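Step one of this worksheet: look at the structure below.
We did not get these values from a lab; they are worked out from the coordinates using the rules stated. None of the values given here were measured: they were computed from a predicted structure. Here the Cβ positions follow ideal geometry from the backbone for every residue, glycine too, while neighbour counts run over all protein chains shown.
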Amino acid sequence: MDKYYVNPPCNCDVCSAPITTEFSDALLPRFGQWANVCPTCAVVRGVTYGTGRGQRYKRVETKAGKLAYLKVEG
């Protein structure tokens with residue numbers, strides 16, 4: 001069963017860049033806080049994926065023809 005993110009963020013919580021095609025909902029290792037981050041910030045901040053660490057979402061078109069963010073990792 002596919003898992004989608006409800007009410008996705010518009011901007012990265014770290015750098016404020018617009019979220020366009022993908023983002024991560026992840027624990028920032030050095031800070032101990034969760035954030036919605038762009039792909040660049042995810043790499044720079046050392047985000048990893050899995051239970052208790054984070055999830056990565058990618059924008060896709062659903063079967064109903066709507067745009068949504070599908071969980072692709074974590």
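If Asn11 passes every condition in (1) without any contact (Cβ under 8 Å) to a residue 12 or more places away in the chain; (2) more than 11 Å from the chain's Cα centre (by Cα) but one, which one does it miss?
(2)
For the range 35-57, what are the residues that are assigned to a strand (DSSP E or B) and surrounded by 14 or more Cβ atoms within 10 Å (Cβ to Cβ)? Don't jump to the end; show me each part of the working.
Quick first cut of the range 35-57, residues assigned to a strand (DSSP E or B) only: 35-37, 50, 54-57.
Within the range 35-57, Ala35, Asn36, Val37, Gly54, Gln55, Arg56, Tyr57 meet the criteria.
How many of the residues making up the range 36-59 are under 11 Å from the mean Cα position of the chain (by Cα) and small (Gly, Ala, Ser)? Can you show your working first?
So in the range 36-59, the residues under 11 Å from the mean Cα position of the chain (by Cα) come out as 36-39, 41-42, 47, 49, 54-59.
Adding the requirement that they be small (Gly, Ala, Ser) leaves 42, 54.
Adding up the residues that qualify gives 2.
Which of the residues that make up the range 19-37 are farther than 13 Å from Tyr69 by Cβ and in contact with a strand residue (DSSP E or B) (Cβ under 6 Å, 6 or more places away or on another chain)?
Once the filter is applied, which keeps residues that are farther than 13 Å from Tyr69 by Cβ and in contact with a strand residue (DSSP E or B) (Cβ under 6 Å, 6 or more places away or on another chain), the range 19-37 yields Ala26, Leu27, Leu28, Trp34, Ala35, Val37.
State which residue is nearest to Asn11 (Cα to Cα) when the search covers only the range 63-74 and only residues that are free of Cβ contacts under 8 Å to residues at least 24 places away in the same chain and in a loop (DSSP other than H, G, I, E, B).
The selected residue is Lys66.
Looking only at the range 1-25, how many residues end up being out of contact with any helix residue (DSSP H, G or I) (no Cβ under 9 Å at 6 or more places or on another chain), surrounded by fewer than 13 Cβ atoms within 10 Å (Cβ to Cβ) and assigned to a loop (DSSP other than H, G, I, E, B)? Write out each step before concluding.
So the first thing to find is which residues in the range 1-25 are out of contact with any helix residue (DSSP H, G or I) (no Cβ under 9 Å at 6 or more places or on another chain), and the list is 1-11, 16, 18-20, 25.
Within this subset, residues satisfying the condition of being surrounded by fewer than 13 Cβ atoms within 10 Å (Cβ to Cβ) are 1-3, 6-7, 10, 16, 18, 20.
Those left that are additionally assigned to a loop (DSSP other than H, G, I, E, B): 1-3, 6-7, 10, 16, 20.
The total comes to 8.
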